[in-house]
Structure formats: C-alpha cells, structure tokens
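FYI, it's all coordinate maths here, none of it is from the lab. A quick note: this is a predicted structure, and the numbers were derived from the prediction, not measured. When we count neighbours, we look across all protein chains shown, and the Cβ atoms used for this are built from the backbone with ideal geometry, even at glycine.
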Amino acid sequence: MTCAQAREYTAMFLPLIEATPNDRHVVIAPPFTAISSMAESVGGTRLELSSQNVHWEDDGAYTAEVSPTMLLEHQVRYAIVGHSEPRKYFSESDEQINRRARSAQAHGLIPIVCVGESDEQRERGEAERVIRRQVEQGLEDTDPDKLVVAYEPIWAIGTGKTCAASEANRICGLIRGWVGASELIIQYGGSVKPGNIDELMAMSDIDGVLVGGASLDPESFARIANYQTS
C-alpha cells in the first residue's frame with residue numbers, strides 16, 4: 001500500500017477491532033514506506049506495527065536494508081524474518097535469518113521467524129527435516145520467550161492449495177517440541193481467510209495466524225481478528 005492507502009485502511013480497520021478481546025494481539029506489517037504514516041494513525045490504539053524485515057547491524061554500508069534503530073523510531077514492535085519470499089527470491093540463509101532475529105531481540109523487537117517447506121520438499125517426504133533445520137538454525141541463541149514462530153507451508157501460500165488444520169496443528173506441535181518451550185507463540189500462515197480461521201484457532205498448538213492476502217481487506221482481516229470460539 002501507499003502511505004495514503006495505509007491511512008485510509010487504518011481508518012476503516014480500527015473501528016472493526018474495538019470489541020476484539022484484549023488478550024488478542026493485532027499486528028500489521030506495512031511496507032517500509034508506509035510505516036511512518038501508519039504509526040501516526042495507530043498511536044494510542046491497540047493496533048501494533050511490525051516491519052517486513054530487519055537487518056542485523058545498526059549502521060553500515062547495507063544499501064536497501066533497514067536497521068532495528070530505524071524501526072524503533074517509528075514505534076515498530078515486531079519484525080518478520082525468514083519470510084518465504086526473501087528465502088526464495090533473495091536466497092536468504094538460515095544463518096542470515098538467525099542474525100536478523102538475534103539483532104531484533106537485542107534491540108527489544110519481537111522477531112516473527114517464518115519456517116516452512118516447499119511443495120517439492122513435502123512431496124519428497126522432507127518436510128519435517130527441512131522445518132526442523134530452519135527452526136534449529138534460525139532460532140539458535142534466541143530467547144523463546146521473546147519471539148514468535150510462524151509456520152507457513154510455501155505450497156499453501158497463494159496457490160489455492162490448503163493445509164488441513166489438523167496437519168498445520170501437527171507441525172506446530174512438532175515445532176514446540178523441537179524448541180522445548182511450552183509457552184512459545186506459534187502462528188500458522190498459508191491461505192488464512194475468514195472461512196477457515198475459526199477451525200484453525202480451535203487447534204491446540206496454533207496460537208495465532210500470519211495473514212497474507214486476506215489482510216488487505218479491512219473487513220476480512222477484522223473477521224480473522226474476531227475469530228469465533230465455541
């Protein structure tokens with residue numbers, strides 16, 4: 001979104017989450033150019049901000065990167081790292097992702113560390129091995145009490161394919177066991193929409209969701225934030 005679109009979105013979205021239960025955290029990760037505009041719009045509200053990435057250095061010759069100190073200046077609290085698209089398009093390694101996560105934590109940001117397998121890896125029976133490697137290398141020397149892990153099966157993102165809630169829950173349970181932290185917050189991301197949010201959030205090991213396309217519409221995202229429990 002542009003800055004103007006982000007402000008318009010926020011004006012429409014905030015009234016829709018006024019009655020959302022207080023124990024739910026609602027976070028939006030706008031593009032870097034819109035963070036400042038959105039920060040002005042959400043100040044004093046329950047809506048929190050995340051960046052879509054963060055670098056591991058405070059300063060230096062890292063053209064096109066954004067440092068944690070730059071983000072903190074705009075009231076950003078979270079930082080997504082290891083998203084499937086930087087992994088795919090920019091060949092981000094688990095080591096780089098780990099450096100980003102550790103830097104975020106060192107500056108008081110909460111990293112949202114994304115892990116997940118491709119369609120080819122799942123077809124070859126490598127899903128668990130791949131995800132475990134991403135978890136072990138990506139979370140090395142991080143504090144599990146100050147991060148979020150997001151399981152996003154790449155094959156279920158924008159493809160029309162869906163990951164069954166039970167399978168998503170199984171993988172999230174494995175991640176919790178591998179990390180060894182029972183209170184670790186684990187999200188599921190992959191074609192999350194109003195039609196499946198209630199089922200996903202009824203799962204025992206899914207604590208939240210990382211929403212893609214469905215978050216671009218305020219009413220759609222609000223329905224997800226206001227998921228129904230039985």
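Assorted remarks:
- Computed 3J(HN,Hα) for the stretch 23-37, one whole-Hz value per residue from the Karplus formula 6.51 cos²θ - 1.76 cosθ + 1.60 where θ = phi - 60°, is 7, 9, 9, 10, 10, 10, 10, x, x, 3, 5, 9, 4, 4, 4, glycine and proline marked x.
- Candidate cross-link partners of K146 among the lysines, defined by an alpha-carbon separation under 28 Å and a same-chain spacing of 8 or more, comprise K88, K193.
- Of all aspartates and glutamates in the structure, those lying under 18 Å Cα to Cα from K161, and not within fewer than 8 positions of it along the same chain, are E85, E117, D119, E120, E123, E152, E199.
- In plain terms, the residue of H55, H25 with the fewest other Cβ atoms within 10 Å comes first and the most crowded comes last, giving H25, H55.
- The ranking of T159, T63, T142 from fewest to most other beta carbons within 10 Å of each one's beta carbon is T63, T159, T142.
- The residues D205, D198, when put in order of fewest to most other Cβ atoms within 10 Å, stand as D198, D205.
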